[in-house]
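The values are calculated or read from the model by the stated rules, or taken from the named source; none is laboratory data. These numbers were taken from a predicted model, which means no experiment stands behind them. A quick note on method: Cβ atoms are made from the backbone with ideal geometry, for glycine too, and the neighbour counts reach across all protein chains shown. Just so you know, the surface numbers come from the protein's heavy atoms only, side chains and all, with ligands and any DNA or RNA stripped out. Shrake-Rupley method; radii C 1.70, N 1.55, O 1.52, S 1.80 Å.
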Amino acid sequence: MSEDFEIKNKVAESGLVNFDLSELSPKGKRIGIDLKDFLFMEMILKEKDFREKVTEIDSEIYRDAYVYVYCSVDAIVPIWAYFLITSKLTGVAKKIVYGTKKDLEVVLMHEAISHYNFADLEAKRVLVKGCSEEDIPENAYIELVEKLKPIVKSLMFGEACSNVPIFKKNLD
């Protein structure tokens, strides 16, 4: 091989900035609370029994966790029941939401994107990583495009070797 032969990394030279949305996802345990476990025969909320069970919750289990509160059975649960659970865990859990684990992830990613400083991506060619070890809610990608479109030069989705162009600003 010739000494004049040089291997060039065209991706590195392109000025392309890789952005991994999964890096914004807050780290920490996710714990669900199913209200069916607080109901009489998993069907009826008896206020006295419910309050007693909420009092018996070991808050330390939820310390610094992301908590989602839901009811997996078809029961009528008054809104104040969610108030009681939330009141018990406020100040202990990092975040408490009503809904499924997926709902929790949507809320967490929304907050992460809303609070992230994207200034370092301004006027750059950005490639949003397509594959992730974490399950990223689809809505996070929508919110990301809303944040990036006004500030970046171009936006692509996928991997450097195989990406989908999303948009490119005309720089006249």
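Which residue is most open to solvent (accessible area, probe 1.4 Å), if the candidates are limited to the stretch 14-73 and must be of a type in the set (D, E, K, R) and touching a residue at least 60 places away in the same chain (Cβ under 8 Å)?
To start, the set of residues in the stretch 14-73 that are of a type in the set (D, E, K, R) comprises 20, 23, 27, 29-30, 34, 36-37, 42, 46-49, 51-53, 56, 58, 60, 63-64.
Retained after the next criterion (residues that are touching a residue at least 60 places away in the same chain (Cβ under 8 Å)): 20, 30.
Numbers: 20: 32, 30: 54 Å².
If we take residues in the stretch 14-73 being of a type in the set (D, E, K, R) and touching a residue at least 60 places away in the same chain (Cβ under 8 Å), then 30 is most open to solvent (accessible area, probe 1.4 Å).
Consider the stretch 135-158 and keep the residues that are surrounded by fewer than 12 Cβ atoms within 10 Å (Cβ to Cβ) and either in contact with a Leu (Cβ under 9 Å, 6 or more places away or on another chain) or not aliphatic (A, V, I, L, M) (or both). The one that is modelled with the lowest pLDDT is 135. Among the residues of the stretch 95-130, those that are surrounded by 14 or more Cβ atoms within 10 Å (Cβ to Cβ) and of a type in the set (Lys, Arg) comprise 95, 101, 124, 125, 129. Taken over the stretch 116-139, the criterion of being farther than 21 Å from residue 167 by Cα and not polar (S, T, N, Q) is satisfied by 116, 133, 134, 135, 136, 137. Against the conditions (1) in contact with a Leu (Cβ under 7 Å, 6 or more places away or on another chain); (2) surrounded by fewer than 15 Cβ atoms within 10 Å (Cβ to Cβ); (3) basic (Lys, Arg), residue 168 satisfies every one except (1).
Taking the stretch 34-65 as the region of interest, how many residues are under 20 Å from residue 94 (Cβ atoms) and polar (S, T, N, Q)? Walk me through it before giving the result.
Pass one, the stretch 34-65, residues under 20 Å from residue 94 (Cβ atoms): 34, 54, 57-65.
Going one step further and asking which of them are polar (S, T, N, Q), we end up with 59.
Final tally of qualifying residues: 1.
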